[in-house]
Amino acid sequence: MKRIKNVNITLAIFVGLVLGILVGLLVPGNIGWFYGILTVISSLYMNALKMMIYPLVFCSIVVGIHGIGNMRETGKIGGLSILFFLLTTAFASFLGLILPRILHLGEGVTITMTESTVEATEFTSLLDTVETLIPSNPIASFAEGNMLQVLVFALIIGFTVLSIGEKADPFMAVVVSVNDLSLKIISVVMHFTPLGVFCSIATVVEANGTDTILSLATVMIALYVTYILYALVFYGGLVKTLGKCSIRKFFAAIAPAALNAFGTCSSSATIPISMRCMEEELDCPNEITSLAVPLGATVNMDAVSIVMSFMIPYFATACGIDISLSMMVVVLLANVLLSIGTPGVPGGAIASFAALSAMVGLPAGIMGVYISVNTLADMGATCVNVIGDLTCCQVLSAQLYPNKAGKTASKSA
């Protein structure tokens, strides 16, 4: 029954996605009231998802740590998750730097630059991120939507709960109740996901227009081919070899999360759906999803790294700027470091791209061109990032809980 329900919601989301694209292309933008209604519905859907993100993330991490019951095991899951994300991001950055040179992207292209007021992310941002890891005001962290601080605060509370033992039972009863409430609300919101995705994608396509979609077509096609190959070959290979799971079963199970990420351009807003897919469809333990999924939304930026390292050689070639091998290595390392501070929200990679483009000496006006296609690139990137988050969950589940992985594999057989 769960599988049938999952197929139905996936099909409904896909239909909403296709219809949204068609409406955005065919319905004129001068029908302001129509797109106004779609924007309102899209905002309501996004707000409904975001409403429970931070309570769910906080409570699920605390419940997950309490369920593990061992500080060493909790640290192991968190550490392995971060290591997985950093290694895959480094590989993604390397791939994005090499492929544009092989494909000679940007050759023969003339770019008309526009002014942009976007400022580059300063490279002290990594130190600033570390400096502000521990929130001085946890309430403000929730109110401002600072996911990294919420994660750290949840870890502190979770480890403290373990250390004081039974004295924390009343607090844990409240946390478990809030966690259950959050999950119930999210399950209700899930029924409106096809409508939310339809409205979100229709407004995005209409705002960009056919001219923007057709411009830079070569690099966008190459970028999406890279996305698909990266997801199917790289992530699929990890799921098959280390995750001990059928590739077909895995992608069928996570389709709702992937499609939602594509339509909303937000890995953070997809956290509840991602956790639901992994736990209900692939029997992934909550101890893993409660840590790996929120961490992935904050740290895992594989596809964003592909976008940044893909676009920089493209624009450099188009502007007649040669990027040396040593500079490519610097950009690769900077990609990995900047990914830690890139927020999992629409447009989160723009400031990071500004920083990297400044490093290689691209004209400031190039940002205007990049921003015009950022949403189109970000849609696929967010989808791939979420797939990466869930790949990490599957790999950790198979490696740390082999008995449960065997159970899942036998079901798929």
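Below, the figures for the structure above:
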quantity	calculated
Flag for THR203 being under 27 Å from VAL27 (Cα atoms), modelled with pLDDT under 75 and part of a helix (DSSP H, G or I)	no
Number of positions in region 72-90 that are hydrophobic (A, V, I, L, M, F, W, C), within 17 Å of the chain's Cα centre (by Cα) and surrounded by 15 or more Cβ atoms within 10 Å (Cβ to Cβ)	5
Candidate set from region 258-284 (those that are touching a Ser or Thr at 6+ places or on another chain (Cβ under 7 Å) and of a type in the set (Gly, Ala, Ser)); member that is nearest to LEU17 (Cα to Cα)	GLY263
Residue check, CYS245 under 29 Å from ALA154 (Cα atoms) and out of contact with any strand residue (DSSP E or B) (no Cβ under 8 Å at 6 or more places or on another chain)	no
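Quick grid of which residues meet (1) modelled with pLDDT of 90 or more; (2) more than 15 Å from CYS383 (Cα to Cα); (3) part of a helix (DSSP H, G or I); (4) not aromatic (Phe, Trp, Tyr):
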{"position": "TYR235", "(1), (2), (3), (4)": "yes, no, yes, no"}
{"position": "LEU238", "(1), (2), (3), (4)": "yes, yes, yes, yes"}
{"position": "LYS244", "(1), (2), (3), (4)": "yes, yes, no, yes"}
{"position": "PHE250", "(1), (2), (3), (4)": "yes, no, yes, no"}
{"position": "ILE254", "(1), (2), (3), (4)": "yes, no, yes, yes"}
{"position": "ALA258", "(1), (2), (3), (4)": "yes, no, yes, yes"}
{"position": "SER267", "(1), (2), (3), (4)": "no, no, no, yes"}
{"position": "SER274", "(1), (2), (3), (4)": "yes, no, yes, yes"}
{"position": "MET278", "(1), (2), (3), (4)": "yes, yes, yes, yes"}
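The values are calculated or read from the model by the stated rules, or taken from the named source; none is laboratory data. Since we're looking at a predicted model, the values are computed, not measured. When we count neighbours, we look across all protein chains shown, and the Cβ atoms used for this are built from the backbone with ideal geometry, even at glycine.
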